[in-house]
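The values are calculated or read from the model by the stated rules, or taken from the named source; none is laboratory data. In this text the structure is predicted, and so the values were computed from the model without any measurement. A quick note on method: Cβ atoms are made from the backbone with ideal geometry, for glycine too, and the neighbour counts reach across all protein chains shown. Only protein heavy atoms, including side chains, enter the accessible area calculation; ligands, DNA and RNA are left aside. Shrake-Rupley method; radii C 1.70, N 1.55, O 1.52, S 1.80 Å.
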Amino acid sequence: MSATLYQHQREHIASLQRAYHECMAAHQLDSLAIYSGHARNHFADDHATSFQSYGHFIHWVGMSDIQHSWLVIQPNQRPQLYLYAPADFWHLPVQLPEEPWVAEFDIHLCSNKITPPLTGHAAIIGDVAALESAPQLAKSATLQPETLIRELDELRMVKTAYEIACLREANRLAIAGHQAANAAFIGASSELDIQLAYLGASRQRESEVPYQNIIGLNEHAGVLHYQRYDLMPPKHRYSLLVDAGRRFRGYCADITRTYAGPDAPSEFGDLVTAMHGLKDSLIAHIAPGVDFIALHEQMHQGLAEILISHGLYDGSAESAVETGVTRAFCPHGLGHSLGIQVHDVAGLRQPDGTLSPAPKSHPALRLTRTLQPGMVVTIEPGLYFIPMLLAPLRNKALPINWSLIDALTVCGGIRVEDNILVTDSGAQNLTQ
Ligand code: GLY
Ligand code: MN
Ligand code: MN
């Protein structure tokens, strides 16, 4: 661990101590217990689903796979971590990392699943509904106090220097995966082999990825959350879309790249280049005070201009946006907040916690905030040929070049996605 990262982590923990204590004082709380969560078994089985610890637990502990454990925060005391560590010859015991937070906490290794010791006015947050002891816990503490959770969510919106360093490192590791995925595509690999190349180069197993990698060849690039991996390579190679990440100490990278294959119409490669240009021009507009909804609308304006300049639409940019043409080519939002969760908390709230839902015309947008320094967001414009979304436009008298769209449909679509830090004066791209 570098000296800087070491120091940043100590400062991160100190800033959490301050912020939690302030928040607890406002709620007149003497203790706050954060439950790590635990994996559930498949129905009628003894195998569990994949798992990630509760975000507010990871915020302190930085490990995303801790289960059946509790963190207790009390004003003017060291954090108390009750770490589930049973004597178990079936599994490897939990191993704590050599990181400064370990020295800042009192760590109690628990051979049994415990209920946390709480004093005074107490609250508990996390997935406690999954615990048999939930009714018992409710007698001594407030479970899931909503206002408090909103305030803790808000703390995660603006990242500390330590969190930014972790997100940068997650990006660095993910980029190695993307390079290997591209090389596998050039080598005519199948979706499964591209996925394996990605996992190998980014040094992670599939159960550790922050979200299921999307590895789509040809038309599969147009399935927004494509969830399978074909075992055999296709006969023709038109395109590849890879949306894949990596965690580092709990913090997520979320990166997408699209490549034109040797069998693609030449217009597809030009469109991929244009989409990179659109992404970069949107990133150039990022700065404190920028309204993310306005930036999302700017993406639609840019998409309209690309449709026109590449011969897909023969009208004005304004009409392409107004008639919903650009929305049929890109049904998702421009991006979202990124952190311990890939779609991180508090994106659809104002800083004071009040709801700030996506506009009706853009229901899939996951971030409606005004940007401020320390936020980390994704910028991920897309342009897809999704028959289900384009079909309703065919009956309308719109100046759309259907023959070109039909030729491009085998390529599925394009998405390019980078992770961006909002700085005091503008933005920094963590993905480069
Ligand atoms: N990978 C999920 C997303 O880009 O939002
Ligand atoms: Mn993504
Ligand atoms: Mn994303």
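Quickly work out the residue 364-to-residue 138 label distance, labels modelled 7 Å from Cα along the C-beta direction, and quote it in nm with one decimal.
With each label placed 7 Å out from Cα toward Cβ, I get 3.8 nm.
Take 119, 423 and sort them by solvent-accessible surface of the protein heavy atoms, 1.4 Å probe, largest at the top.
Working: 119 80, 423 30 Å².
Listed by decreasing accessible area, they come as 119, 423.
In what order, largest first, do 394, 228, 249 sit by accessible area if the probe radius is 1.4 Å? Walk me through the numbers before you get to the answer.
On the way: 394 110, 228 155, 249 40 Å².
Descending accessible area places them as 228, 394, 249.
Among 52, 347, 9, flag the residue with its Cα farthest along the positive direction of the charge dipole of the chain, charges on Cβ as +1 for Lys/Arg and -1 for Asp/Glu.
52
Run the numbers for residue 192 and residue 149: contour at 0.36 nm per residue of separation, minus the present Cα-Cα distance, in nm.
11.5 nm
Gain in length, residue 309 to residue 355, computed as 0.36 nm per residue apart minus the alpha-carbon separation, to one decimal in nm?
12.7 nm
Measure off 7 Å from each Cα along the Cα-to-Cβ vector at residue 110 and residue 323, then give the distance between these two points in nanometres to one decimal.
Inter-label distance under the simple model: 6.2 nm.
So in the chain, what percent of DSSP beta bridges are antiparallel if you round to the nearest 5? Please report the intermediate quantities before stating the final value.
Numbers: 37 of 48 bridges.
Taking every DSSP beta bridge with both residues in the chain, the antiparallel ones total about 75 percent.
With a sphere of radius 13 Å drawn around the Cβ of residue 283, what net charge do the other residues whose Cβ falls strictly inside it have (Lys, Arg +1; Asp, Glu -1)? Could the numbers behind the result be given before it?
On the way: positive: 279; negative: 280, 380, 417, 418.
That sum, taken over residues with Cβ under 13 Å, equals -3.
If you average the sequence gap of Cα pairs under 8 Å that are 6 or more apart and divide by the length of the stretch 1-124, what percent do you get for the contact order?
On the way: 180 pairs, mean separation 37.0, N = 124.
30 percent.
Starting from the 7 Å offset along Cα-to-Cβ, what nm value, one decimal, do you get for the label separation of residue 301 and residue 127?
4.3 nm
Nearest 0.05, what FRET efficiency do residue 208 and residue 316 give at R0 = 41 Å with Cβ-Cβ as r? Spell out each step's value before the answer.
Values: r = 48 Å, r/R0 = 1.16.
Using R0 = 41 Å, I get an efficiency of 0.30.
Kindly provide the helix-only [θ] at 222 nm of the chain, computed as the sum of -39,500 (n - 2.57) over DSSP H runs of four or more divided by all residues, to the nearest 500 deg cm²/dmol?
Values: 13 runs with 155 residues, N = 432.
That calculation yields -11000 deg cm²/dmol at 222 nm.
Among 372, 341, 77, whose mean-square fluctuation peaks in a Gaussian network model of the chain (Cα, cutoff 10 Å)?
With Cα springs under 10 Å in the chain, the top fluctuation among 372, 341, 77 is at 77.
Given a Förster distance of 56 angstrom, what is the FRET efficiency for residue 348 paired with residue 45, based on the Cβ-Cβ distance and rounded to 0.05? Before the final figure, lay out the partial values.
Details: r = 36 Å, r/R0 = 0.64.
That pair, residue 348 with residue 45, gives E of 0.95.
Any chance you could run the full-extension gain for residue 232 through residue 372? It's 0.36 nm times the residue separation minus the Cα-Cα distance, nm to one decimal.
Working: separation 140, 0.36 × 140 = 50.40 nm, distance 4.59 nm.
Difference between extended and current length: 45.8 nm.
Between residue 142 and residues 5 or more places away or on another chain, which pairs have amide H atoms under 5 Å apart, with H built 1.01 Å from N, and which residues are they?
Distant-sequence amide H within range of residue 142: 122, 123, 124.
Given a cut-off of 40 Å, what percent of all Cα-Cα pairs of the chain lie beyond it? Don't jump to the answer; show the numbers that get you there.
Details: 22475 of 93096 pairs.
Summing the P(r) tail past 40 Å for the chain gives 24 percent.
Compute the relative contact order of the chain as a whole-number percentage, counting only Cα pairs closer than 8 Å that sit 6 or more residues apart in sequence.
Details: 844 pairs, mean separation 64.0, N = 432.
Reported as a whole number, the value is 15 percent.
Can you work out the Karplus-derived ³J(HN,Hα) for every residue in the stretch 66-82? Use 6.51 cos²θ - 1.76 cosθ + 1.60 with θ = phi - 60°, whole Hz, and x for glycine or proline.
3J(HN,Hα) across the stretch 66-82, in whole Hz: 7, 10, 6, 10, 9, 10, 10, 10, 9, x, 6, 10, 5, x, 10, 9, 9.
Students sometimes get this wrong: rank 205, 257 by accessible area, probe 1.4 Å, all chains present, largest first.
Numbers: 205 155, 257 45 Å².
Sorted by accessible area, descending: 205, 257.
Kindly flag which residue pairs out of 235/396; 139/360; 113/159; 360/396 have an alpha-carbon separation exceeding 30 Å in this structure.
Numbers: 235/396 35 Å; 139/360 41 Å; 113/159 32 Å; 360/396 22 Å.
Where the Cα-Cα span goes over 30 Å, the pairs concerned are 235/396; 139/360; 113/159.
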